[in-house]
Amino acid sequence: MKYALLIYEDEAVYGPDKAGPRIQEVVGKHMDFAQGLGPKRLGGAGLKGTTSATTVRTSAGRKTVHDGPFAEAKEQLGGFYLIEASDLDEAIAIAKKVPILQDGAIEIRPVLGP
Amino acid sequence: MNGQALERVFREASRRIIAALAAQFRDLGLSEDAFAEACLRALRTWPERGVPDDPTAWLYRVAYRIALDALRARRRSRENVHKASELIDANPTPEEQMLDDSRVIPDERLRLILICCHPAVAPDARAALTLRLVCGLTVTEIAHAFLLEEPTLAQRLVRAKHKIAESGIPFDLPSKEHWPVRLEAVLSTLEVAYSKAHEDAAGAGRHTGFAAEILHLSKVMTELLPDAGEAYALAAVVRYAEARRPARVDAEGVMIPLSLQDPRHWRRDFIADADRLLARAVDLAPESIRTLQAQLQAAWCARASLNGPAPWPHVLELYDRLLALRDDPIVRLNRIVALAEVVGADTALVQLHALEASKLAEFIPYQAVRADLLARSGRIDEARAAYAAVLALKPAPAEQRWLSRQLSQLGGRGDRPLPADLRPDR
């Protein structure tokens, strides 16, 4: 099965615009993690901070463009992986290895379709 | 075979068949539906052609083919191939009917219970799902056990099954490192299931059949996790309780409270087995809730005859320790029963009224203890009303007969103290 692992952390940890010294640290860890995943990693990316986010909202058929992320929260979507795992247990085991510098959460979502 | 007998056959069969189908087809909903359809076909064909020698094997064969058919149909519609539906004779061949069900149906209950108790399943749905799929209880029965509205419970079950199907929860036995996490969920599930099995003292109720199953599953857990003290404790509790089953009702089908049961009728083999399991639990998990619960059972089962004193002071002491670990109304209620024996009914009644009555109003043991304590305190009119209230809650038949007898004796010989443990032997 294919799963998306959505990484939620407080981006303030990484400094303004994710340019602080800790971003190097976590990027290094992600590179090691991705290498360890090998062919089970189907895709993924780290995202720039929510200060760079733009949201297009559809409401009653009308599209409006907004500055900022779609929802304000304590932890923000900071990146994701698309992985291949045999079942939820393997996906959970992989999610437990995703680097998180301080507190955070990995949401595991099965991907629609075959 | 009448309707009731058929229902019993279906229920017995459902426990193993749904588990076996689920392991095979990796789809809980499909397995449940296929089994239900097989039961419908049995209702149509058995009255005409007679009940097969091995009804369980028949039902498994039919359900298996129905599930296979449904899967094929599903695949065809997905591939958009318009073929006339294959007509498969879902009735088993005579050879198949001769097969013994233990050879036909693989025992997959443990696998199924682990799926139901996966950490990704909402905690409040795990026990309910296990009772439904592993033990074959109806939604109505489970809703009753959990004090929930039926639609609420049904929705919870649907959501849990959907989660299992959609999220890719594996149907294979988990590897060793996943075991400890699953243990707690499995043990509490077995506890709830057993308490349902134990509810009807007469043992004539629908739940008795799966008491044997809980005995088996609880032992299997200790074999799978030989270092888990709580698994031994639960296996011990179940055996102590089962040991007393032969002594729980008298010849007229009236419940006998624990303190009045003749220990000579208890099953010594179960007690010896439980003692061994408890010793392991005490070694591995001395101060755990389940070990204390097993020690409570052991205190009673150590009694050799009715001539010896009932172990009330020891029981009270154990409930005090249990209360320090788990302060809930049920532990408090049980402690009050022991308190009435050690200190007196008046003191116990004061503590009983300190419990949150609104939440316990429909809890049969609470009302039964209340009625007894009122009677023993000489408040006969209130006791009479309390007995009427508890009888209105429709207790199991043996308990109901006991309570009716207590009620009829009220005000007769007022000097005779009645035993406090009106709670049925649980």
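Ordering B:TRP46, B:TRP266 by the number of other Cβ atoms within 10 Å of each residue's own Cβ, fewest first, gives B:TRP46, B:TRP266.
Positive-end ranking of A:GLY78, A:SER52, A:PRO21 along the dipole of chain A, with charges on Cβ about the Cα centre, is headed by A:SER52. Inter-chain Cβ neighbour count for B:240-251, averaged per residue, equals 0 (cutoff 10 Å, partner chain atoms only).
Counting every other Cβ atom within 10 Å of each residue's Cβ, B:CYS301, B:CYS39 order from fewest to most as B:CYS39, B:CYS301. Peptide A:88-99 is shielded by partner chain Cβ atoms: per residue, an average of 3 of them sit within 10 Å of its Cβ.
Dipole magnitude for region B:332-397: computed about the Cα centre from +1 point charges on Lys and Arg Cβ and -1 point charges on Asp and Glu Cβ, it is near 120 debye.
Less than 5 angstrom separates the built amide H of B:VAL249 from those of B:ILE256, all sequence-distant by 5 or more or on a different chain.
Taking θ as phi - 60° and the Karplus parameters 6.51, -1.76 and 1.60, the scalar couplings of region B:387-396 work out to 5, 4, 5, 6, 5, 5, 7, 6, x, 4 Hz in sequence order, x denoting glycine and proline. For region B:153-168, backbone phi angles converted through the Karplus equation (6.51, -1.76, 1.60; θ = phi - 60°) give residue-by-residue couplings of 5, 4, 5, 4, 5, 4, 4, 5, 5, 4, 4, 4, 5, 7, 8, x Hz, Gly and Pro being listed as x.
Taking the fewest neighbouring Cβ atoms within 10 Å as the starting point, the ordered list for A:SER52, B:SER377 is A:SER52, B:SER377. Under a model in which nothing but the beta-carbon of Lys, Arg (+1) and Asp, Glu (-1) is charged, chain B shows a dipole of about 340 debye around its Cα centre. Farthest towards the positive end of the charge dipole of the protein assembly as shown, among the residues A:TYR8, A:PRO99, A:GLY61, is the Cα of A:GLY61, using unit charges on the Cβ of Lys, Arg, Asp and Glu.
Here the protein assembly as shown has an Rg and Dmax of 28.6, 87 Å, counting Cα atoms alone.
Mean separation of Cα pairs under 8 Å and 6 or more residues apart, divided by the residue count, gives region A:2-110 a relative contact order of 49 percent. Each other residue within a Cβ distance under 15 Å of B:ARG326 adds +1 if Lys or Arg and -1 if Asp or Glu, for a net charge of -3. Ellipticity at 222 nm from helices only: DSSP H runs of n ≥ 4 in the protein assembly as shown, each -39500 (n - 2.57), divided by the residue count, give -18500 deg cm²/dmol. With contacts taken as Cα pairs under 8 Å and at least 6 residues apart, region B:206-299 reaches a relative contact order of 35 percent.
Over 23 Å between C-alpha atoms is what I'm after, so list which of A:LYS2/B:LYS163; A:LYS29/B:LYS176; A:LYS74/B:LYS163; B:LYS219/B:LYS359 land there. Listed pairs above 23 Å: A:LYS29/B:LYS176; A:LYS74/B:LYS163; B:LYS219/B:LYS359.
Counting Cβ atoms of other protein chains within 10 Å of each residue's Cβ and taking the mean over peptide B:156-162 gives 0. Sorting B:154-163, A:2-11 by their mean Cβ neighbour count within 10 Å, with the most densely packed peptide first, gives A:2-11, B:154-163. Compared with the dominant Cα axis of chain B, that is its longest principal axis, helix B:268-284 is turned about 90°. The value of relative contact order for chain B, using C-alpha pairs under 8 Å at least six residues apart, is 12 percent.
Bear in mind these aren't lab numbers, they're just calculated from the coordinates by the rules spelled out. Values in this document were obtained by computation on a predicted structure and should not be read as measured data. FYI the Cβ positions are ideal-geometry reconstructions off the backbone, even for glycines, and counts take in every protein chain you see.
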